[in-house]
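Scroll down for the structure; my scribbles are underneath it.
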Amino acid sequence: MAAFERALVVTAHPDDVDFGAGGTVATLVASGVGVSYCVITSGDAGGFDPAVPREQIPAIRQAEQRAAGQALGVSEIHFLGYRDGELTVTHELRRDISRVIRQVRPQLMLIQSPERNWARIPASHPDHLASGEAAIFAIYPDARNPFAHQALLADEGLEAWSVGEVWVMGSPDPDHFIDVTDAFDQKVAALRAHVSQTSHMEDLPGFLRTWLAATAATAGLPEGRLAEGFRRAVMP
């Protein structure tokens, strides 16, 4: 991780990063990497309490994501404000993610998988698939091409930026694993900050430990270790 100074995580919803890569984010931060988030929607279709007015949900979920970010050492969060449950890959979305890439200038990006994972369908929410597809399009070719989304340079002064490496969350065929054993408590704390999403879960730590232990076993780590898995791509 010493190769990276800055990392950017792009997800569809608040809490996606904490489920998919919370331990990895905490590990990156502990290694001295500056981590930023780009959250495409505000999770306005989420939540389980019918007594909470729908119009209050975006503010609630943004506040939860900020609190979760603090648990992992992340304070810079860009909310794009797209509608939850209606995400599609558009030119506008590619431009908006490209804008954040050019602002943050990350060497590493973590994104969601644009490929459906039949073994873990919840990882393949339609918004997740759209988020992953739009993010990889923004990484290549958009953000690095000075002639793409020309208003970003002409009107906002944002120079083209090339991301060097991508780690894909929720991939059906992960090949890169991060030992997050020492960051487990932080991951739990981050997810507990998403009260509207996790308060109904009776044994959140147990659920997470079982999941991460299975990933660690796939990675060939010793018994008792915990891991998060990604598909790693080194960009041309």
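The values are calculated or read from the model by the stated rules, or taken from the named source; none is laboratory data. Owing to the predicted nature of the structure, the values given are computational and were not obtained by experimental measurement. Cβ sites come from the backbone with ideal geometry, for glycine too, and all protein chains shown count toward neighbours.
Note on region 131-236: enclosed helices (runs of 4 or more DSSP H) holding 1 or more residues that are at pLDDT 95 or above and more than 26 Å from Y82 (Cβ to Cβ) are 184-192, 204-219.
Within the set D16, D49, D44, the sole residue that is closer than 18 Å to K187 by Cα and not basic (K, R) turns out to be D16.
Filtered by the rule that a residue be more than 27 Å from L158 (Cα to Cα) and hydrophobic (A, V, I, L, M, F, W, C), region 108-128 gives W118, A119, I121, A123. Among the residues of this structure, F79 counts as one that is within 15 Å of the chain's Cα centre (by Cα) and under 27 Å from Q107 (Cβ atoms). Residues that are surrounded by fewer than 19 Cβ atoms within 10 Å (Cβ to Cβ) and more than 18 Å from the chain's Cα centre (by Cα) within region 121-150 comprise P141, R144, N145, P146, F147, A148, Q150, listed in sequence order. Given (1) out of contact with any helix residue (DSSP H, G or I) (no Cβ under 7 Å at 6 or more places or on another chain); (2) at pLDDT 95 or above; (3) basic (K, R), identify the lone condition not met by R120. Among (1) out of contact with any helix residue (DSSP H, G or I) (no Cβ under 7 Å at 6 or more places or on another chain); (2) at pLDDT 95 or above; (3) basic (K, R), the lone unmet condition for R120 is (2).
The residues of region 85-103 that are acidic (D, E) and within 11 Å of C38 (Cα to Cα) amount to a single one, D96.
Among the residues making up region 183-210, a single one is without any contact (Cβ under 8 Å) to a residue 60 or more places away in the chain, under 20 Å from G170 (Cβ atoms) and either among the basic types (K, R) or touching an Asp or Glu at 6+ places or on another chain (Cβ under 9 Å) (or both): R209. Entry remark, region 55-85: residues being of a type in the set (D, E), in contact (Cβ under 8 Å) with a residue 12 or more places away in the chain and more than 13 Å from T41 (Cβ to Cβ) number 2 in total.
Against the numbered list (1) buried (at least 18 other Cβ atoms within 10 Å of the Cβ); (2) touching an Asp or Glu at 6+ places or on another chain (Cβ under 9 Å); (3) touching a residue at least 40 places away in the same chain (Cβ under 8 Å), A216 comes up short only at (3). Residues in region 173-213 that are of a type in the set (F, W, Y) and crowded, with 17+ Cβ neighbours inside 10 Å were compared, and the one that is farthest from R61 (Cα to Cα) is F177.
Residues that are in contact with a strand residue (DSSP E or B) (Cβ under 7 Å, 6 or more places away or on another chain) and aliphatic (A, V, I, L, M): does region 154-166 have at least one? Within region 154-166, one or more residues are in contact with a strand residue (DSSP E or B) (Cβ under 7 Å, 6 or more places away or on another chain) and aliphatic (A, V, I, L, M). Please enumerate the residues belonging to region 38-60 that are closer than 24 Å to V25 by Cα and either aliphatic (A, V, I, L, M) or modelled with pLDDT of 95 or more (or both). Residues satisfying the conditions are C38, V39, I40, T41, A59, I60. Can you find a residue in region 120-128 that is among the β-branched types (V, I, T) and over 16 Å from V35 (Cα atoms)? Within region 120-128, one or more residues are among the β-branched types (V, I, T) and over 16 Å from V35 (Cα atoms).
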